[in-house]
There are 2 protein chains.
Amino acid sequence: MNPLDIPAAKDVLDAARRIENRVRRTPVLDDVHLDERSGARLHFKCENLQYGGAFKLRGAMNAVWSLSETEASAGVATHSSGNHGAALALAARSRGIACHAVVPEGAVRSKLDNIAANGATIHRCAANQHAREAGLALVLAQTGAVPIPPFDDARVIAGQGTAALELMQDVPGLECLVAPVGGGGLAAGTVLAAGIGSPTPLVYAAEPRGADDTWRSLSSGVRVTEQLPATIADGLRTTVGVRNFEILRGGLAAVLCVDEHEIIAAMKLAWSRLKLVIEPSSAVALAAILRHREHFAGRRVGVILSGGNVDLDQLPWLTQQRPN
Amino acid sequence: MNPLDIPAAKDVLDAARRIENRVRRTPVLDDVHLDERSGARLHFKCENLQYGGAFKLRGAMNAVWSLSETEASAGVATHSSGNHGAALALAARSRGIACHAVVPEGAVRSKLDNIAANGATIHRCAANQHAREAGLALVLAQTGAVPIPPFDDARVIAGQGTAALELMQDVPGLECLVAPVGGGGLAAGTVLAAGIGSPTPLVYAAEPRGADDTWRSLSSGVRVTEQLPATIADGLRTTVGVRNFEILRGGLAAVLCVDEHEIIAAMKLAWSRLKLVIEPSSAVALAAILRHREHFAGRRVGVILSGGNVDLDQLPWLTQQRPN
């Protein structure tokens, strides 16, 4: 599989076989109160319960185990300050190869610790995009490691699609799928997986209004490549990738945008009703369903709860009155 | 099944058949970090994900569906300010019968709302044990409803045992089971279920030092019937029941006590690592494992996370500096 290709539905099926028993088959939950609130029948795929606390392990696992013995021998590398770095480290460890993570100064301590705890070698760099890319290039040159990007990569997109695939297997007859969109790995993978479904569910991407580059990209037909994100959903601040955009432009029913207060309310509602710790990025999907009810009325809806990595000392419904 | 009998292992198996498809078969989770911290191999039975947010539905369901048509026709009743009332209301609704809940003044608003939302008729009474019992007696006389006590009842104990039964089915070879103990419905049910296991796991009850009546009862051989509880674990403040005590005195490996700061730390640790919202009572089980490591070193341990009903605006690691 060429990482530069646009992946297809078949690649999601291949990924599912490749990563089976290397990722957790996460449970699917529902709640009668959330059904009443939404007017739909909601089925939540709990990727917050995935190893590492996020769906990111799926793409990283598929990428790492797609490599030939020769390719894998020098290890893998990425620049990441978040969940992808930790997931790649876990995936590399599962194959017994090295992982190099280029991490910018100022990265959140707990996430850095998480990457290191999973066995990756940390390489520090300055906190800007240029320094991150230069830092990664240097590591690649020095180590011969294979770069694994966080979302704009055929192997990664196909891997992320396995969450929706499992969800459709566990809940037959889904009419809609909803996933949050940031770089677009999960959303694009969900579009590919939906193509396998019978009936084929409509796919909705949920996006914070404060980081609505995907909405703007699809509206204009031109991929937005820069934005100043203003959202609590830290996993969705990046702009959509090249391959991700190509898949989404042809495959989405709509991008549904939500405001910050809706994200926070949905997050607290999910914690309260589902008894799950989910991060703001996950809450964006539920918030979109509650705000844009007209798309989902009376339908069977699969919702991907993308992750649960949250600072438990800084819960937004307890701190939202403070200025950011 | 006579509710006044001491139930046996067979009653747990009967209960499992009776309530199958009426309760959620909750998932079992594990976490490599918690294994490292404990020195054991931990498997968490997620009853916080049960309908109603607690294992309580199991006992209530078993009791309600144990009734004959004639018995059930006038409905069921209980006095409860907490999870049992809500669970009984859900169970009664599943059978299409009435539920009467006698609720003391000053009960937590959200729990009251929960009981009412599940379709029960609320009867208010003064906030003391005598008024609760008198209030219930009055309701029983007026309605002809069948009383379903929260824990000291053969049907309820047998129902609660189904959580451990499922856990043993899903994780073969468990050597230990750990459940929190308050009134002793869950702990006693777990002892009964353990008797079905092969090998038979040792059962440990976990108890807050601030409400250690079970520890004192088993130490002295005489059931303690009054205490002034001082613990955040609101589900464990009551004293152990008659039938519960009889089962526990013969069947427990030990009662393991923990301090308040250990409960709070274990609660936050579980939220952080398992991405689950669990209530303090559930955290008592994990706290006991971390404090009393010598019982579990290298062993396969099943842990029952009893519930997830928490006030999300009052998290103890954020408010613990305040006086209670």
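The values are calculated or read from the model by the stated rules, or taken from the named source; none is laboratory data. On a predicted model such as this, the values are computed, not experimentally measured, just so you know. Using ideal geometry, Cβ is built from the backbone for each residue, glycine included, and neighbour counts are taken over all protein chains shown.
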Counting only residues that are surrounded by fewer than 23 Cβ atoms within 10 Å (Cβ to Cβ) and within 20 Å of residue A:56 (Cα to Cα), the stretch A:138-153 contains a total of 4
Against the conditions (1) closer than 28 Å to residue B:67 by Cα; (2) surrounded by fewer than 22 Cβ atoms within 10 Å (Cβ to Cβ), where does residue B:210 fall short? Just the number, please. (1)
Identify the single condition in (1) within 13 Å of chain A (Cβ to nearest Cβ); (2) buried (at least 22 other Cβ atoms within 10 Å of the Cβ); (3) of a type in the set (A, V, I, L, M, F, W, C) that residue B:312 does not satisfy, given that it satisfies every other one. (2)
Tell me the helices (runs of 4 or more DSSP H) entirely within the stretch B:156-255 that contain at least 3 residues that are charged (D, E, K, R). B:242-251
Could you check the stretch A:1-25 and list, in sequence order, the residues that are part of a loop (DSSP other than H, G, I, E, B) and either among the small types (Gly, Ala, Ser) or within 20 Å of residue A:272 (Cβ to Cβ) (or both)? A:8
Residue under question is residue B:307, and the condition is that it be crowded, with 22+ Cβ neighbours inside 10 Å, within 14 Å of another protein chain (Cβ to nearest Cβ) and under 17 Å from residue B:29 (Cα atoms); does it hold? yes
Using the structure shown, decide if residue A:233 is within 30 Å of residue A:2 (Cα to Cα), touching a strand residue (DSSP E or B) at 6+ places or on another chain (Cβ under 6 Å) and of a type in the set (Gly, Ala, Ser). no
Name the residue that is nearest to residue A:175 (Cα to Cα), counting only residues in the stretch A:268-282 that are within 13 Å of chain B (Cβ to nearest Cβ) and in a helix (DSSP H, G or I). A:282
Only unsatisfied item for residue B:130, checking (1) out of contact with any helix residue (DSSP H, G or I) (no Cβ under 7 Å at 6 or more places or on another chain); (2) part of a helix (DSSP H, G or I); (3) at pLDDT 95 or above, is (3)
When residue A:298 is evaluated against the numbered criteria (1) over 19 Å from the mean Cα position of the chain (by Cα); (2) away from every other protein chain (no Cβ under 14 Å); (3) more than 18 Å from residue A:39 (Cα to Cα); (4) outside any helix (DSSP H, G or I), which criterion, by number, is the only one it fails? (3)
Could you check, for the stretch A:206-224, whether at least one of its residues is within 30 Å of residue A:171 (Cα to Cα), among the small types (Gly, Ala, Ser) and modelled with pLDDT of 95 or more? yes
Would you be able to say whether some residue in the stretch A:129-137 is under 19 Å from the mean Cα position of the chain (by Cα), buried (at least 16 other Cβ atoms within 10 Å of the Cβ) and either more than 14 Å from every other protein chain (Cβ to nearest Cβ) or closer than 28 Å to residue A:245 by Cα (or both)? no
Matching residues, the stretch A:95-111, being within 14 Å of residue A:78 (Cβ to Cβ) and of a type in the set (A, V, I, L, M): A:97, A:98, A:101, A:102, A:103, A:107
Find the residue count for the stretch B:28-43, including only residues that are more than 10 Å from chain A (Cβ to nearest Cβ), part of a helix (DSSP H, G or I) and touching a residue at least 24 places away in the same chain (Cβ under 8 Å). 3
Residues located in the stretch A:49-81, provided they are in a loop (DSSP other than H, G, I, E, B) and away from every other protein chain (no Cβ under 14 Å): A:67, A:68, A:73, A:74, A:75, A:80, A:81
Among the residues of the stretch A:103-117, is any modelled with pLDDT under 95, more than 14 Å from chain B (Cβ to nearest Cβ), crowded, with 23+ Cβ neighbours inside 10 Å and not in a helix (DSSP H, G or I)? yes
In the list B:248, B:312, B:269, B:290, which residue meets the criterion of being of a type in the set (A, V, I, L, M) and in contact with a strand residue (DSSP E or B) (Cβ under 7 Å, 6 or more places away or on another chain)? B:248
Within the stretch B:239-247, identify whether any single residue is farther than 25 Å from residue B:158 by Cα, under 18 Å from the mean Cα position of the chain (by Cα) and either more than 14 Å from chain A (Cβ to nearest Cβ) or of a type in the set (Lys, Arg) (or both), and answer yes or no. no
Please tell me if residue B:233 is surrounded by fewer than 20 Cβ atoms within 10 Å (Cβ to Cβ) and more than 13 Å from every other protein chain (Cβ to nearest Cβ). no
Does residue B:250 qualify as being away from chain A (no Cβ under 14 Å) and over 18 Å from the mean Cα position of the chain (by Cα)? yes
I'm trying to understand the selection: among the residues of the stretch B:1-27, which are closer than 19 Å to residue B:94 by Cα and within 13 Å of chain A (Cβ to nearest Cβ)? B:24, B:25, B:26
Suppose we filter B:81, B:38 for residues that are in the same structural domain as residue B:190 (by TED's automatic domain parsing), surrounded by 17 or more Cβ atoms within 10 Å (Cβ to Cβ), in contact with a Lys or Arg (Cβ under 8 Å, 6 or more places away or on another chain) and not aliphatic (A, V, I, L, M); which single one remains? B:38
So, residue B:46, is that one within 30 Å of residue A:90 (Cβ to Cβ) and either at pLDDT 95 or above or within 14 Å of another protein chain (Cβ to nearest Cβ) (or both) or not? yes
